[in-house]
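J.: One structure follows; several queries about it will come next.
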Amino acid sequence: MCGFRTENFEIRGGLTMPKSIFAAAVCWKIEYGQPITDNTLHFLVIQYSEEGRGGVHIKFPGGTNRKNLTETPLQTLLREFEEETYLVVEQGRDEPMFSIPKGPDHTQHFFVLDPGDYSGKLRTEVKTEIEAGRPPERLGPPMWVSAAQLLEEMFPPHRKVLIDLLPKIKKFIEEQRSKK
């Protein structure tokens, strides 16, 4: 069957089918004056577990548009980031830095947020999300973890994104430092 894709919908044989997306924030920080290494560059992550899905995973903060399939990747990012971290995105990029198709009806989008793109007080308690028809999800408090540790321990699909983005983020930091 022929079809074409718009931002959040796939057209098949004249029928418009909602497309699910996952959107996550890749937030980084480094202490002023520190050399740029995998040990000094830190990322905001969350320990996540879902009943029946085998253990705890470390992931970037984000989630799906499952409750509202008409959300754009940016709208999903803004909502999920605030829900999972209690931080609010103030500015940043409107387009994801990295998108990964995961089959015909689902795409993952990763937005890089620089220090200063968000504000608020980071969530400090464990959060349990319960949604009808789904197993409960447990989210640990967001935490800053070094790239070196994440390269060893992160949930594999998110680790791949980290591996691809690390050189770009390091280059960006170097360029910003050279301007000063």
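The values are calculated or read from the model by the stated rules, or taken from the named source; none is laboratory data. Keep in mind it's a predicted model, so treat the numbers as computed, not measured. As a convention, Cβ positions derive from the backbone with ideal geometry for all residues, glycine included, and neighbour counts pool all protein chains shown.
J.: From the list Leu78, Leu87, which residue is in contact (Cβ under 8 Å) with a residue 12 or more places away in the chain and of a type in the set (A, V, I, L, M, F, W, C)?
T.: Leu87
J.: Hey, any hits in segment 74-97 for a residue that's farther than 24 Å from Leu150 by Cβ and among the hydroxyl-bearing types (Ser, Thr, Tyr)?
T.: No, segment 74-97 contains no residue that is farther than 24 Å from Leu150 by Cβ and among the hydroxyl-bearing types (Ser, Thr, Tyr).
J.: Let me ask something else. Considering Pro167, Pro96, Pro156, which residue is under 21 Å from His57 (Cα atoms) and either free of Cβ contacts under 8 Å to residues at least 12 places away in the same chain or not β-branched (Val, Ile, Thr) (or both)?
T.: So the residue among Pro167, Pro96, Pro156 that is under 21 Å from His57 (Cα atoms) and either free of Cβ contacts under 8 Å to residues at least 12 places away in the same chain or not β-branched (Val, Ile, Thr) (or both) is Pro156.
J.: While we're here: Considering only segment 134-180, how many residues are part of a helix (DSSP H, G or I), surrounded by fewer than 16 Cβ atoms within 10 Å (Cβ to Cβ), modelled with pLDDT of 95 or more and in contact with a strand residue (DSSP E or B) (Cβ under 8 Å, 6 or more places away or on another chain)?
T.: Within segment 134-180, residues that are part of a helix (DSSP H, G or I), surrounded by fewer than 16 Cβ atoms within 10 Å (Cβ to Cβ), modelled with pLDDT of 95 or more and in contact with a strand residue (DSSP E or B) (Cβ under 8 Å, 6 or more places away or on another chain) number 0.
J.: While we're looking at this one, here's another question. As an exercise: evaluate Thr128 against (1) surrounded by fewer than 13 Cβ atoms within 10 Å (Cβ to Cβ); (2) assigned to a strand (DSSP E or B); (3) in contact (Cβ under 8 Å) with a residue 40 or more places away in the chain; (4) over 15 Å from the mean Cα position of the chain (by Cα) and give the number of the one condition it does not meet.
T.: Every condition holds for Thr128 apart from (3).
J.: Wholly within segment 35-83, which strands (runs of 3 or more DSSP E) include no fewer than the required count, namely at least 3 residues that are at pLDDT 95 or above?
T.: Answer list for segment 35-83: 42-50.
J.: Return the residues of segment 84-101 that are assigned to a strand (DSSP E or B), aliphatic (A, V, I, L, M) and either within 26 Å of Pro135 (Cβ to Cβ) or at pLDDT below 85 (or both); say none if nothing qualifies.
T.: Residue satisfying the conditions is Ile100 alone.
J.: Being exposed (fewer than 13 other Cβ atoms within 10 Å of the Cβ) and closer than 28 Å to Glu51 by Cα is the filter here; which residues of segment 103-120 pass it?
T.: If the condition is that a residue be exposed (fewer than 13 other Cβ atoms within 10 Å of the Cβ) and closer than 28 Å to Glu51 by Cα, then Gly103, Pro104 are the ones that fit.
J.: Take Thr107 and tell me if it is part of a strand (DSSP E or B) and within 19 Å of Pro157 (Cα to Cα).
T.: Yes.
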